[in-house]
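Have a look at the structure below before the remarks.
The values are calculated or read from the model by the stated rules, or taken from the named source; none is laboratory data. As the structure is a computational prediction, the values presented were derived from the model and not from experiment. Here Cβ is always computed from backbone atoms with ideal geometry, including for glycine, and neighbour counts include all displayed protein chains. Remember, those area values only see protein heavy atoms, side chains included, never the ligands or the DNA or RNA. Shrake-Rupley method; radii C 1.70, N 1.55, O 1.52, S 1.80 Å.
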Amino acid sequence: MTAVGTGRLTIDRPLPAIVGGQARPVPAVLPAVEPATGRTWAQVADCDGAVVAEAVTAAATAFETWRSTSLAERQAALWAIADRLTATAADWPALLATENGRAIREAALIDVPTAAEIFRYFAGMARAVHGETIQGAPESSHVYTTREPLGVIAAIVPWNSPLISVAHKLAPALAAGNTVVVKPSELASVSTVRFVEAIADLLPPGVVNVVTGYGATAGDALVTDPRIAKISFTGGTESARTILGRAGARLTPALMELGGKGSLVVGPDADLDTLTEDVLTGVFAANGEVCFAASRLLAHADVHDELLERITARADRIRVGDPLDPATQLGPLISVAHRDRVSEAVDRAVAEGATVCAGHRVPELDGELGGGAFYRPTVLADPDGRTSASCDEFFGPVLTVERWTDEDDAVARANAVAYGLAGGVWTTDLARAHRIARRLQTGMVWVNTWFATPLGQPQGGVKASGFGREGAAETVREYQASKVVNVSLDTARPPMWD
Ligand code: NAD
């Protein structure tokens, strides 16, 4: 039984869009619903196409000067944003916990410092990516490339880690000399508006704009605006298909960070103590609402039973409750509708033959929390990987445990999914580790760990998990085009027209 924590946030004024450095009030609003209680705790602007067009105009105007700011200025701005986040670090965890149910201790430990670190990393990268001289060109010419910013970036982000996702979009795009219109998720917009308000004095007006609203309206108006130079999208695979269809008609390029089904292949010789810790973090951190969650464990038969027992026991002990309570380890899912979708997906897997070992129930919580979107951490046994639990993304705190005896079979099963975001191998056998790492069809592979994402390590996927990479030097290039300049150094020409 958990009492409602004190200090629940309520924001009285409707939050505006932010256009050209100014609050842009919008008469139509949509509610921000707190997942822990179901109450409306704020209201955000429900932007229509006209407001979105204004934001793109502001960004396009700002681009004309921001594109030629010195790298020193861009670095200073990005570093100042990181400093602002660090200086106000105490303000964000309760906001994030209220907004999407992230446990407050995790928001303080992970979300805020990671977002600041992303801005610091790209402050450095602003200078590190540059053009090159093309050697081997004829002596009679001098050929070089420059890296040009693209223009106005449409940054569309999901609800699961809003502060980190926004940082992953803004920092590299700004470092590269672009301006941005951000469209946060209709389920978690407040932190993005507050963040852009908090850094408004650190950037020229119009360099970063925010439009809130639904994907089908504000989002669609943004991705179909012909002035958008690139769409940078993080979200679900189905939305990506719609957006790419719209982008295709206009030939707008896109970076796509999509869903995943992370398989962790466990060898017979794995160190189960550390593995158990990492699996719990891998699948239950951020309430399991993580694109590269370790949602599927493929365990060798020698360790399968013990591992399943250990993880089940630990999952049963996880403290689910008020995300504003520092003792809480797992908060509510983003909404009751999403919780019910996760629960129904588990029902389906069970009907197909999976066994529930832990969870798959709504915890009994008191008072206001009784209306929250809570769901116990769930462990499913699906030894042969025959049910939908082995391939569908739950995007919730659900782990599927499978058994294998043949390494080829384990790898084939890990690869037999539409997604290709993150994978892992856990073994003390060096050859096995590298062998499996090489064969996993994913953009990221962890060996004897999960979730380690130091900046500089590219994040992104293959297959239905998307394309493009975030968090690394190459990300700056995602927001630039190469321009080549070929300078003739003589007047001699071949006798083509004599
Ligand atoms: P979603 O696709 O429903 O929404 C993401 C964003 O896209 C929201 O801002 C939404 O309003 C907008 N959107 C939706 N339809 C649109 C349209 N037609 N035009 C323009 N914008 C539109 O995703 P979600 O439910 O918010 O997030 C969960 C999904 O995101 C999961 O599948 C998860 O795996 C994925 N995700 C991926 C990563 C990654 O880095 N690969 C990170 C986090 C989340």
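Below is a table of values for the structure above.
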item: Search result, residues across the stretch 461-475 that are outside any strand (DSSP E or B) and either surrounded by fewer than 22 Cβ atoms within 10 Å (Cβ to Cβ) or of a type in the set (Gly, Ala, Ser) (or both); result: Gly461, Ala464, Ser465, Gly468, Arg469, Gly471, Ala472, Ala473, Glu474
item: Verdict on Gly262 being open to solvent by less than 30 Å² (accessible area, probe 1.4 Å) and either of a type outside the set (A, V, I, L, M, F, W, C) or farther than 25 Å from Gln459 by Cβ (or both); result: yes
item: Filter result for the condition that a residue is in contact with a Phe, Trp or Tyr (Cβ under 6 Å, 6 or more places away or on another chain) and away from the ligand (no atom under 16 Å from the Cβ), over Pro323, Pro377; result: Pro377
item: Only listed residue being more than 30 Å from Arg376 (Cα to Cα), surrounded by fewer than 17 Cβ atoms within 10 Å (Cβ to Cβ), modelled with pLDDT of 95 or more and of a type in the set (A, V, I, L, M, F, W, C), chosen from Ala60, Ala76; result: Ala76
item: Subset of the stretch 29-53 [under 30 Å from Arg227 (Cβ atoms), touching a residue at least 60 places away in the same chain (Cβ under 8 Å) and not aliphatic (A, V, I, L, M)]; result: Asp46, Cys47, Asp48, Gly49
item: Selection within the stretch 188-204 - within 17 Å of Thr10 (Cβ to Cβ) and open to solvent by less than 10 Å² (accessible area, probe 1.4 Å); result: Ala188, Ser189, Val190, Ser191, Val193
item: Top-ranked residue of the stretch 434-457 - restricted to ones that are surrounded by 21 or more Cβ atoms within 10 Å (Cβ to Cβ) and outside any loop (DSSP other than H, G, I, E, B), ranked as farthest from the ligand (Cβ to nearest atom); result: Ile436
item: The listed residue being aliphatic (A, V, I, L, M) and closer than 24 Å to Glu289 by Cβ, out of Ala216, Ala247; result: Ala216
item: Residues being small (Gly, Ala, Ser), open to solvent by 10 Å² or more (accessible area, probe 1.4 Å), within 21 Å of the chain's Cα centre (by Cα) and over 19 Å from Pro458 (Cα atoms) - total across the stretch 243-259; result: 0
item: Any chance Asp278 is open to solvent by 20 Å² or more (accessible area, probe 1.4 Å), more than 9 Å from the ligand (Cβ to nearest atom) and under 30 Å from Ala431 (Cβ atoms); result: yes
item: In the stretch 347-359, the residues that are in a loop (DSSP other than H, G, I, E, B), farther than 14 Å from Asn287 by Cα and open to solvent by less than 60 Å² (accessible area, probe 1.4 Å); result: Gly353, Ala354
item: Among residues of the stretch 458-498, those that are within 13 Å of the ligand (Cβ to nearest atom) and among the polar types (S, T, N, Q), counted; result: 3
item: Of the criteria (1) in contact with a Phe, Trp or Tyr (Cβ under 7 Å, 6 or more places away or on another chain); (2) within 16 Å of the ligand (Cβ to nearest atom), which one Lys169 fails; result: (1)
item: Checklist (1) under 30 Å from Ala358 (Cβ atoms); (2) away from the ligand (no atom under 13 Å from the Cβ); (3) out of contact with any Phe, Trp or Tyr (no Cβ under 9 Å at 6 or more places or on another chain) applied to Ala286, failing item; result: (2)
item: Which listed residue is among the acidic types (Asp, Glu) and open to solvent by less than 30 Å² (accessible area, probe 1.4 Å), from Glu344, Glu402, Glu368; result: Glu402
item: Failed item, numbered, when Leu489 is tested on (1) touching a residue at least 24 places away in the same chain (Cβ under 8 Å); (2) buried (at least 17 other Cβ atoms within 10 Å of the Cβ); result: (2)
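So that you can scan it fast, the table gives a plain yes or no per residue for (1) closer than 19 Å to Ala80 by Cβ; (2) β-branched (Val, Ile, Thr):
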{"position": "Pro113", "(1), (2)": "yes, no"}
{"position": "Pro138", "(1), (2)": "no, no"}
{"position": "Ser141", "(1), (2)": "no, no"}
{"position": "Ile156", "(1), (2)": "no, yes"}
{"position": "Asn160", "(1), (2)": "no, no"}
{"position": "Ser165", "(1), (2)": "no, no"}
{"position": "Ser189", "(1), (2)": "no, no"}
{"position": "Val193", "(1), (2)": "no, yes"}
{"position": "Asp201", "(1), (2)": "yes, no"}
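Yes/no matrix, rows are residues, columns are (1) among the acidic types (Asp, Glu); (2) at pLDDT below 95:
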| residue | (1), (2) |
| --- | --- |
| Gly7 | no, yes |
| Asp12 | yes, yes |
| Val19 | no, no |
| Ala23 | no, no |
| Thr37 | no, no |
| Ala42 | no, no |
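For every residue, the table says whether it meets (1) free of Cβ contacts under 8 Å to residues at least 24 places away in the same chain; (2) basic (Lys, Arg); (3) within 20 Å of Glu99 (Cα to Cα); (4) out of contact with any strand residue (DSSP E or B) (no Cβ under 6 Å at 6 or more places or on another chain).
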{"site": "Asp316", "(1), (2), (3), (4)": "no, no, no, no"}
{"site": "Arg339", "(1), (2), (3), (4)": "no, yes, yes, yes"}
{"site": "Arg348", "(1), (2), (3), (4)": "no, yes, no, yes"}
{"site": "Ala354", "(1), (2), (3), (4)": "no, no, no, no"}
{"site": "Gly371", "(1), (2), (3), (4)": "no, no, yes, yes"}
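Yes or no, residue by residue, for (1) within 22 Å of Val129 (Cβ to Cβ); (2) more than 8 Å from the ligand (Cβ to nearest atom); (3) open to solvent by 10 Å² or more (accessible area, probe 1.4 Å):
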| site | (1), (2), (3) |
| --- | --- |
| Tyr144 | yes, yes, yes |
| Val180 | yes, yes, no |
| Glu186 | no, no, yes |
| Val207 | yes, yes, no |
| Val211 | no, yes, no |
| Val223 | no, no, no |
| Lys230 | yes, yes, yes |
| Thr237 | no, no, yes |
| Arg241 | no, yes, yes |
